[in-house]
Amino acid sequence: MNTAVFYIFGLWGMIPAHVLTKSIVVASLIKVGVELIVLPLTLKVSFWLKKIENQFLCSLFGAPHIEAMEPGLPEARRTTG
């Protein structure tokens, strides 16, 4: 989406419409492809950061995370969701 907005506002009138359309499609597909390729690394880094920050996920997709409760932490400071 941001690729389309940038290309339209940045390149409108500078290149023909059919070239602009192809550029938007190709750039979007490349961005999605790169993100799919680096997704395993992104997940590993994300889970590693959660681990060192003492946070964990209830489930992999969609569920809110719960911050780890430290022993002795006052009840008012314990948070969920």
Sequence ranges 11-18, 43-50, ranked by mean other-Cβ count within 10 angstrom, highest first: 43-50, 11-18
Under the Karplus curve 6.51 cos²θ - 1.76 cosθ + 1.60, θ = phi - 60°, whole-Hz ³J(HN,Hα) for segment 37-48, x wherever Gly or Pro sits: 5, 8, 4, x, 5, 4, 5, 4, 5, 4, 5, 4
Given a Förster distance of 30 Å, report the FRET efficiency between K22 and T42 from their Cβ-Cβ distance, rounded to the nearest 0.05. 0.60
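No value in this document is a laboratory result; all are computed from the given coordinates. Model, not experiment: these values are computed from the prediction. Using ideal geometry, Cβ is built from the backbone for each residue, glycine included, and neighbour counts are taken over all protein chains shown.
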